Amino acid sequence: MGRADPEEGQLPAPVKPPDGGWGWIVLFGCFVITGFSYAFPKAVSVYFKELMKDFHVGYSDTAWISSIMLAMLYGTGPVCSIMVNQFGCRPVMLIGGLLASSGMILASFTTNIIELYLTAGVLTGLGMALNFQPSLIMLGTYFDKRRPLANGLAAAGSPVFLSSLSPLGQVLLEKYGWRGGFLIMGGLLLNCCTCGAVMRPLDMGMKRKMEKAQDKYEAKEMLPIGGKSEEGISTTDGTKKAKKAKKKAKKGKKLLDFSIFSNRGFIIYTISKFILVLGLFVPPILLVNYAKDTGVPDTEAAFLLSIIGFIDIFARPACGMVAGLKWVRPHVAYLFSFSMLFNGLTDICSARASNYTGLVIFCVFFGISYGMVGALQFEVLMAIVGSQKFSSAIGLVLLIEAFAVLIGPPSAGRLVDALKNYEVIFYLAGSEVVLSALFLAMATYCCLNRGKEKEPPPEKNPSAGGGSDTEEAESDIQEADEHSSDNHQPAQSTDNTVVAASEEANHVAEEQSGEGGGCPRGDGGVLTRDGCNTDQTVERDRF
């Protein structure tokens, strides 16, 4: 016998999240990926004026570059889920980094706007999508108890990169032009490959343990025939059965798990998130133009977005720390509802802001609430579906959000053109966000919490899927240890027990035939005739 294949010999049970260690490197990689994914489509807008001059197109034509990037980021969610379930997170992220970089490099050699759509829009957007979703999945596998804090820190990458990529793009535009800027930006996106390389699968340590255990079993098989040899054979048989079970599990693994739609919590979250996205991105998109229409100078109007980004940097980690508290984490869905309600009321209350001071106050409160929403959105989804189904859940949620992204901001722009009034748009966007908050809170309370109160308390079963990922992993490891200890029992003792039981049964039968029938007396009756008590059992000690 040779060494077992580590890929086939890995345990199918989930591994306990370390909540630290290499997880902090994974967190940093997720921070960088989140920054590029959310900030890059907005940072590209600094090149739009030069593109309009070179290609003789309008602003709406160049704005489609950012729109296509965001559409690819959201709309390709199921494709990313299928690839992650089939090949794993690290290979998908490496491919995504190459696609994102090659898209911007090829865009620097384009000669018309259509080629820009295909390179900077489709290729770069697809590459960032293949990086963003797997990074969140890996973050969920490395963190359990500290997962809210980890999500908050990773989400802070968006405002940090937005505040740095936009000035960097302006500098590159002035020194090298838009073609040189695109080329250098493509080089920066190669860092996504570095982030993908550090996404080490969590079960690598478990594979090494399996290899060491297999070596021990092979050593026992080489011993002289006896108890230890039989012990090694029985344990090796158990290992073979585990391999077959693992192969069957791989064959039956779903590329995209649609069973999550049977989860009421997932349905509630998806509907609420769709309503939220309809109005969440409208205020920051229209804020600068709204400020200019009220008489604010261009420089001060652009500074409003910087205020939102600066506040957002600190709001996301702080909200993650609050969500990780013991008395808050079980009710994280209500905290998410509060953050959405806070954001919606901020939009409504600031609709009549007519001076720069009022807009600055709006930006401060909007930055806090927007950061809370960004820090909690994926934490709530992980808490609802668990880390095992998160890869499929996030892909489907992003696909549904893609429709909301394509409906919300463009519809708001058309209303502005038709009504020439930003106040109505802020009222409408705030009302949509408030509606999503109320729906999530009321549906969670009525459909989920009330249902749990009516249901009887479930029996404690490690395979039932209740509890955190850490508890599930600990129970699976304990079961594996018990199974291993059972396999270490000598097979010879079992054979002796069977032989002794058969001899005792024959002896009792002979006594019965000599007495002429009836039931055998004593506690050890095995055979029964008419009128015998069939409830009598044989005590194991008599064997």
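The values are calculated or read from the model by the stated rules, or taken from the named source; none is laboratory data. Source: prediction; values computed, not measured. Heads up, the Cβs are rebuilt from the backbone with ideal geometry, glycines too, and the neighbour counts pull from every protein chain shown. Quick note on the areas: whole protein, heavy atoms, side chains included, nothing else; ligands and nucleic acids left out. Shrake-Rupley method; radii C 1.70, N 1.55, O 1.52, S 1.80 Å.
Values for this structure:
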quantity	calculated
Members of segment 183-201 that are open to solvent by less than 40 Å² (accessible area, probe 1.4 Å) and outside any loop (DSSP other than H, G, I, E, B)	MET185, GLY186, GLY187, CYS192, CYS193, CYS195, GLY196
Any hit, segment 372-383, residues being over 21 Å from the mean Cα position of the chain (by Cα), assigned to a helix (DSSP H, G or I) and not assigned by the TED database to the domain that holds TRP64	no
Some residue of segment 265-280 being open to solvent by 60 Å² or more (accessible area, probe 1.4 Å), closer than 30 Å to ASP417 by Cα, assigned by the TED database to the domain that holds ASN343 and modelled with pLDDT of 90 or more	yes
Filter result (open to solvent by 50 Å² or more (accessible area, probe 1.4 Å), in a helix (DSSP H, G or I) and modelled with pLDDT of 85 or more) within segment 32-62	GLU50, MET52, LYS53, ASP54
Check on ILE65, of a type in the set (Val, Ile, Thr), open to solvent by 20 Å² or more (accessible area, probe 1.4 Å) and assigned to a helix (DSSP H, G or I)	no
Every pair of residues 6+ apart whose Cβ atoms lie under 9 Å, when the first sits in segment 391-419 and is basic (Lys, Arg) while the second is open to solvent by less than 10 Å² (accessible area, probe 1.4 Å) and in a helix (DSSP H, G or I)	none
Selection count where residues are closer than 13 Å to TYR356 by Cβ and open to solvent by 40 Å² or more (accessible area, probe 1.4 Å), scope segment 281-336	10
Qualifying residue in segment 118-132 (condition: over 19 Å from TYR74 (Cβ atoms), of a type outside the set (Ser, Thr, Tyr) and assigned by the TED database to the domain that holds THR194)	no
